1. Looking only at segment 155-194, filter to residues that are over 16 Å from the mean Cα position of the chain (by Cα) and charged (D, E, K, R); which one of those is farthest from ILE139 (Cα to Cα)?
2. Picking from ALA29, ALA12, ALA33, which residue would you name as being buried (at least 16 other Cβ atoms within 10 Å of the Cβ) and without any contact (Cβ under 8 Å) to a residue 12 or more places away in the chain?
3. Of everything in segment 175-197 that's under 15 Å from ALA147 (Cα atoms) and of a type in the set (S, T, N, Q), which residue is surrounded by the most Cβ atoms within 10 Å (Cβ to Cβ)?
4. Among ILE148, ILE130, ILE111, which is the only one that is over 26 Å from LEU212 (Cβ atoms) and touching a residue at least 24 places away in the same chain (Cβ under 8 Å)?
Amino acid sequence: MYTLTEENYLKAIYKLSVHTGNVSTNQIAALLATKASSVTDMLRKLADKLLINYTRYQGVSLTQTGEKVAVNIIRRHRLWEYFLVEKLNFKWDEVHDMAEEMEHISSTELIDRLDEFMGFPARDPHGDPIPDCNGNFKINDLKPVSAIPVHSGGIISGVRDHSSAFLQYLEKQELTIGKKITVKEIISYDNAVVLQMGNKNLHISRDVANNLLIAL
C-alpha cells in the first residue's frame, strides 16, 4: 500500500509526463504547491520503492509499476466524479475536491463494483477518459477552441482547466459537454473568439478558448 502523499506525487508525475516526458523537480513542486527540497526527499522514497526512475538534475519518469499505480488513482478519481454528478446530482464544478479525497479509498472490489453499477462509463463529467479495470483507456483526440479556424467547429467534449471558477463560467454561458459550437470570428485585437451556438453568438477570451476542448 502507498501513503496519500505518495499517491499524490505519482498522479502529479503522470499528469505532467503526458505533456513533457521526463518531469523536473520544479514542475512537481509547482503543481503540488510545495518546496523543491520536499519534492527531492519524496522522489528518493519513490525511487527506493521502484515506482519512479530518478537521477538528480535529469528529471523523473514513472516505472511500469509506478504508472500502473498512477492510472489506478486516476481511475478511482474519475469514477467518483461520475458517481457524484450522475447519481448524487452534484454539479460538475463541485466534485473535484471530493473526488480528491475519495480517490485514496484503495479497495479494488469497491471500485470495480462502482464501475459496474454505473454501467462502465467511458468518460467523467469533464470529458476525461476513465481507465478500465486493466488500466486501459482511449486518449482524447480533442483540440482547444483556440486552434480551430473560423467557420469550423465541433462538439464540446472536455476542458483543460478543472477549477470551480472556470466550470461555473462555462455553466453560466451554457458551454457544457455535448454542446455544438462553431468559431464564427476571431477578434484581431486580442484574439478573443466569437462562437455560434444554436441561434446565439458568444464572445469568449483567448484564455477560455485555450481551455475549452472540442471533438471535430
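Every number here is computed from the coordinates shown, using simple stated rules; none is lab data. Please read these numbers as outputs of a predicted model, since none were measured by experiment. Note that each Cβ is placed from the backbone with ideal geometry, even for glycine, and that neighbours are counted across all protein chains shown.
1. Filtering segment 155-194 for residues that are over 16 Å from the mean Cα position of the chain (by Cα) and charged (D, E, K, R), the one farthest from ILE139 (Cα to Cα) comes out as ASP190.
2. ALA29
3. Once the filter is applied, the top-ranked residue is THR182.
4. ILE111
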